[in-house]
1. Give the angle, between 0 and 90 degrees and rounded to the nearest 10, that separates the Cα long axis of helix 140-150 from the longest principal axis of the Cα atoms of the chain.
2. For the stretch 93-209, compute Rg over Rh where Rg is the Cα radius of gyration and Rh is the Kirkwood radius from the inverse mean 1/r over Cα pairs.
3. Can you show me the helix-derived [θ] at 222 nm for the chain, built from DSSP H runs with n ≥ 4 at -39,500 (n - 2.57) apiece and divided by the number of residues, rounded to the nearest 500.
4. Can you tell me how much longer the chain between residue 145 and residue 171 gets when fully stretched, taken as 0.36 nm per residue apart minus their C-alpha distance, in nm with one decimal?
5. Neighbouring Cβ atoms within 10 Å as the yardstick, rank 74, 86 fewest first.
6. Given springs between every Cα pair under 10 Å in a Gaussian network model of the chain, which of 60, 50, 189 has the largest fluctuation?
7. Starting with the fewest neighbours, write out 103, 194 ranked by other beta-carbon atoms found within 10 Å of each beta-carbon.
8. Roughly speaking, what is the stretch gain from residue 154 to residue 58, that is 0.36 nm per residue apart minus the C-alpha to C-alpha distance, in nm to one decimal?
């Protein structure tokens, strides 16, 4: 029986980086699985660019794994909320997929709130979660519709709402625009700082810069 990770690779478009043997110092756990995945296909898209997996090393297209996880790429705008998160991919709206707790769990990181949702203990769990509902978890239908109306996304682009979703922004096209993925994250970092430890109903005072 084909594994969920194999099924995801079979649906992917790529690679976006040069073929290489990727090593992270371990062959076990989700970090070892990530090395195997990138060795098989070094960076790729799936679900019509609804999901992007970062490439390892240069040259290539789109975000590079090590560079993306540097503090000065975007994490410093989150004031510690993402410091122990090793992000390996993202969805259409910049929701990050990463490894935390010393790479023992695969999580979903919300860029607007800084909250994490555990998806499993392996990349196979993550792939199964994506494949379970590609339109909801993988943004497949939305990515297809957006690109039908606006043209293909660039390798570095993701969608970001003018009014954040967490502040009742809608998913209507009029509330969305494209920007470089790192810029999208840096814009929302200060918002996540304000929202992360607040309770529902707490007034928020966000100042534009």
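Where a number appears in this text, it was derived from the coordinates with a stated rule and is not lab data. Computed from a prediction, not measured in an experiment: that's the story for all the values here. Positions of Cβ are backbone-derived with ideal geometry, glycine not excepted, and every protein chain shown enters the neighbour counts.
1. It works out to around 70 degrees.
2. Here Rg/Rh amounts to 0.98.
3. -8500 deg cm²/dmol
4. Full extension from residue 145 to residue 171 adds 8.2 nm.
5. 86, 74
6. 60
7. By the 10 Å Cβ count, ascending, the order reads 194, 103.
8. Here the answer is 32.8 nm.
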